[in-house]
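Contents: one structure, followed by commentary.
The values are calculated or read from the model by the stated rules, or taken from the named source; none is laboratory data. Here the structure is a predicted model, which is why all the values come from computation and not from measurement. Cβ atoms come from the backbone with ideal geometry, glycine included; neighbour counts cover every protein chain shown.
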Amino acid sequence: MTTAAPGSDLNAVDARVFPPSARRGSRCGELKLAGIPATELTAKHGSPLYVVDEQAARDRAREVREALQREAARVGTEATVYYAGKAFLCVEVARWMDEEGLAVDVASGGELAVALAAGVDPSRIGFHGNNKSEREIARAVEAGVGTIIIDSEIETERIAAAASAAGRRQRVRLRVNSGVHASTHDFLATSHEDQKFGQPLGEAPRLVEAILAHESLEFVGLHCHIGSQIFATDGFRESARRLLGVYPELERLVGAPIPELNLGGGFGIAYTSEQADEAPRIADIARELADIVAESAREFGVAVPKLAFEPGRSIIGQSGVTLYTVGTTKEVALAGSDAAADPADLGYSSRLYVSVDGGMSDNARPALYGADYQVRLANRSSDAEPALVRVVGKHCESGDIVVQRDVLPGDVRPGDTLAVAATGAYCWSLASNYNYVPRPPVVAVREGASRIIVRGETEDELLAKSVVATLSP
Ligand code: LLP
């Protein structure tokens, strides 16, 4: 699991998990992000605090885009890289992505509004969702959104009607399920996806025919997203091959080569040092995908389509860090007998519960998915003996866990600042107000300066949502 072995350096800041700018300062070994001590950030902006390293996010966005485009060019085609906004979107981040040459994938009218407010060229926006409302569709069409991804047969009719009402020809993709399950290693087993997104691949020809029947729609290709936080690349390769396998038939229907293929996102990242060696490298993913697309196109006798990708987590995940303040600690004895002991607890006889001032409201991922995270003492370093810890939140739920299992210096105490790594994706975007806890702000750090890019909430704002009904006589 995620636990550092006893004796390993508990003060180490692993650049494979934390943003590259994260390092210990010389004063008391405090953690600095983009040159700013963590405690200075919490003193200025409050705790808990989401911190995003702007340079790290920009560099990573460029790295991912360049790798995918370079490999596409190698096999004679092009690639568009959409940033999947669901991972974390605000106007500032949309602007960073745009400036780094990425297009933006949105999955709701709200995300669309953010991308447009950031000045993203509408033709560089892809619009997703399995139940887009007619209003959302109309807004997207009227805004001139580059592609709308059709998720169901019903939607074909709705998008066609909206486009024809707006006097536009709307570019669309069809989302299909390739039958590849990212959650298992059984990639080769053909299976019928029992889930809400997309259409079975076998139905693609019929659904494309239905699209072609509408003058107001321009079919540009298939879309498939096999899942998220994927480490093995075989699934992507198998999925790409299956999709290209239906391109000859689609070509016959369209009477021309199918111009594009969107392979979605889902590239996994390391949340802990233990995962760091296994996480796929983007250069490898890009190379393998370009190769399989080129090989499959040859095998099936079709032109190599332009490629599109939609990574979210792999772009923004590791540029985010959440800072918390410790409120209480509590030591709990672990089962004494060998038989009952969990090997993941590395032989520790007790666990220190470290309660922080946030929790499942700012990071739902451990509770939702059993996700692992890595924690470091951030206001100081310490040579104290290691303690097995579980970092927990302040919510009324025993599953309110921020870090399931890690090791911290045993003198961790109330008032200490903790830094949890790799919280840039699906933390703020999945945040809630459970227990009326206001959402923390998001602060961008860069070259020694910090600025708020998403305001935090106050209790007054939450209270103001309560409506006191006055009954009319
Ligand atoms: N494209 C489509 C169509 C998607 O559904 C998703 C993610 C992405 C791209 C981006 O995937 P990424 O590169 O970020 O893995 N809340 C979960 C993840 C849900 C992913 C939903 N779709 C989590 O926190 O792990």
Would you confirm whether or not the stretch 82-92 contains a residue that is in the same structural domain as A286 (by TED's automatic domain parsing) and without any contact (Cβ under 8 Å) to a residue 24 or more places away in the chain? no
Residue under evaluation S398, criteria (1) outside any loop (DSSP other than H, G, I, E, B); (2) under 28 Å from Q275 (Cβ atoms), criterion not met: (1)
Would you check which residues across the stretch 98-108 are outside any loop (DSSP other than H, G, I, E, B) and either within 16 Å of the ligand (Cβ to nearest atom) or on the phi > 0 side of the Ramachandran plot (or both) and list them? A103, V104, D105, V106
Just checking, which of G227, G265 is closer than 24 Å to I137 by Cβ, within 16 Å of the ligand (Cβ to nearest atom), assigned to a loop (DSSP other than H, G, I, E, B) and outside the structural domain of V420 (by TED's automatic domain parsing)? G265
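Do you know which residues across the stretch 191-219 are within 16 Å of the ligand (Cβ to nearest atom) and either at pLDDT 95 or above or touching a Gly at 6+ places or on another chain (Cβ under 9 Å) (or both)?
Taking the stretch 191-219 as the starting set, the residues that turn out to be within 16 Å of the ligand (Cβ to nearest atom) are 193, 195-199, 201.
Listed by number, the residues that qualify are E193, L201.
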Yes or no: the stretch 358-366 includes at least one residue that is in contact with a Lys or Arg (Cβ under 6 Å, 6 or more places away or on another chain) and closer than 30 Å to D59 by Cβ. no
Tally the residues that are within 16 Å of the ligand (Cβ to nearest atom) and among the acidic types (D, E), restricting the search to the stretch 369-393. 1
Among the residues of the stretch 416-460, what is the count of those that are of a type in the set (F, W, Y), within 23 Å of the chain's Cα centre (by Cα) and more than 16 Å from the ligand (Cβ to nearest atom)? 1
Kindly list the number of the only condition in (1) more than 16 Å from the ligand (Cβ to nearest atom); (2) among the polar types (S, T, N, Q); (3) under 25 Å from L388 (Cβ atoms) that fails for S296. (3)
For the stretch 198-240, what are the residues that are of a type in the set (F, W, Y) and closer than 24 Å to A425 by Cα? F231, F236
With respect to T272, determine if the residue is within 16 Å of the ligand (Cβ to nearest atom), of a type outside the set (D, E, K, R), at pLDDT 90 or above and under 24 Å from the mean Cα position of the chain (by Cα). yes
Contact list please: Cβ distance under 7 Å, first residue in the stretch 303-325 and within 14 Å of G264 (Cβ to Cβ), second residue part of a helix (DSSP H, G or I) and more than 14 Å from the ligand (Cβ to nearest atom), pairs at least six apart or on different chains. L307/A72; L307/V293
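Please find, within the stretch 43-91, the residue that is surrounded by the most Cβ atoms within 10 Å (Cβ to Cβ) out of those that are touching an Asp or Glu at 6+ places or on another chain (Cβ under 6 Å) and of a type in the set (A, V, I, L, M, F, W, C).
This residue is A84.
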Picking from E66, E100, E136, the residue that is modelled with pLDDT of 95 or more and more than 22 Å from S314 (Cα to Cα) would be E136
Take the stretch 339-380 and flag every residue that is among the hydrophobic types (A, V, I, L, M, F, W, C) and touching a helix residue (DSSP H, G or I) at 6+ places or on another chain (Cβ under 7 Å). M360, A364, A371, A378
Return a yes/no flag: does the stretch 440-461 have any residue that is closer than 18 Å to G327 by Cα, buried (at least 17 other Cβ atoms within 10 Å of the Cβ) and in the same structural domain as D357 (by TED's automatic domain parsing). yes
Hits in the stretch 428-444 (condition: closer than 21 Å to A34 by Cα and either of a type in the set (S, T, N, Q) or touching a Pro at 6+ places or on another chain (Cβ under 9 Å) (or both)): W428, P440
Could you say whether any residue in the stretch 286-309 is outside any helix (DSSP H, G or I), buried (at least 24 other Cβ atoms within 10 Å of the Cβ), assigned by TED's automatic domain parsing to the domain that holds G126 and of a type outside the set (A, V, I, L, M)? yes
I'd like to verify a number: residues in the stretch 154-184 that are touching a helix residue (DSSP H, G or I) at 6+ places or on another chain (Cβ under 7 Å) and not charged (D, E, K, R), how many? 14
By residue number, the members of the stretch 109-127 that are crowded, with 18+ Cβ neighbours inside 10 Å, outside any helix (DSSP H, G or I), of a type outside the set (A, V, I, L, M) and in contact (Cβ under 8 Å) with a residue 24 or more places away in the chain are G126
Within the stretch 69-83, does at least one residue satisfy the condition of being away from the ligand (no atom under 16 Å from the Cβ), in a helix (DSSP H, G or I) and closer than 22 Å to V443 by Cα? no
